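Everything on this sheet refers to the single structure shown next.
Since every read-out is calculated from the coordinates, none of them should be taken as a lab result. Here the structure is a predicted model, which means the values were calculated and not measured. Neighbour counts run over all protein chains shown; Cβ positions are idealised from the backbone, glycine included.
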Amino acid sequence: MSRSTSSRNPLLQGTLDLLILRTLSGGPRHGHAIAQHIQRTSEELLQVETGSLYPALHRLEAKGLIAAEWALSDKGKRARYYRLTAAGRRQFESEQSKWETLARAIGLVLKPAGETP
């Protein structure tokens, strides 16, 4: 994550894996395209740096949650494309559910029912 821009927020520990799995649920992508997708869909609030992205990709691949293969990119360059495995899809669904529950719980604490801001 870049901290150079004050409008960008650092990722909470453990969320990068979830964001990568979510990105790959839409189909195979190479590393740069994964980082771009996260940045674009977060309205430029999240920026994943190479030093964070590739260790996460290698970790997910070692766990069998994603698989990778070499192919040519749109620009004709050789790139490593990552795709979600069946285990990765199950992990994504489980983690997404946990994240949604956590986000709801935090929202409830931050804005309790009946309290005025």
>> Just to check I understand the Karplus step: with θ = phi - 60° and J = 6.51 cos²θ - 1.76 cosθ + 1.60, what whole-Hz values come out for region 19-35, glycine and proline as x?
In response: 5, 5, 4, 4, 4, 6, 5, x, x, x, 8, 8, x, 4, 5, 5, 4
> Separation between the Asp74 and Leu110 pseudo-spin-labels, each 7 Å from Cα along Cα→Cβ, expressed in nm?
Replying inline: 3.3 nm
> Which entry is the computed volume of the Cα convex hull per residue in Å³ for this structure: (1) 98; (2) 124; (3) 110?
Replying inline: (2)
>> Using only DSSP helix segments of four residues or longer, with each worth -39500 (n - 2.57), what per-residue ellipticity at 222 nm results for the chain after dividing by its residue count and rounding to 500?
In response: -16500 deg cm²/dmol
>> Can you compute 3J(HN,Hα) from phi for each residue in region 58-74, using the Karplus curve 6.51 cos²θ - 1.76 cosθ + 1.60 with θ = phi - 60°, rounded to whole Hz and x for Gly and Pro?
In response: 5, 5, 5, 5, 5, 7, x, 8, 9, 10, 9, 8, 7, 7, 8, 7, 4
>> Through the Karplus equation 6.51 cos²θ - 1.76 cosθ + 1.60, θ set to phi - 60°, convert the phi angles of region 99-110 into ³J(HN,Hα) values in whole Hz; use x for Gly and Pro.
In response: 5, 4, 5, 4, 4, 5, 4, 5, x, 5, 6, 5
> At what distance in nm do the modelled label points of Ala87 and His32 sit from each other, each positioned 7 Å from its Cα along Cα→Cβ?
Replying inline: 3.0 nm
> In terms of the Cα gyration tensor, with a ≥ b ≥ c the square roots of its eigenvalues, is region 23-78 rounded because a/c is under 1.5, prolate because a/b exceeds b/c, or oblate?
Replying inline: oblate
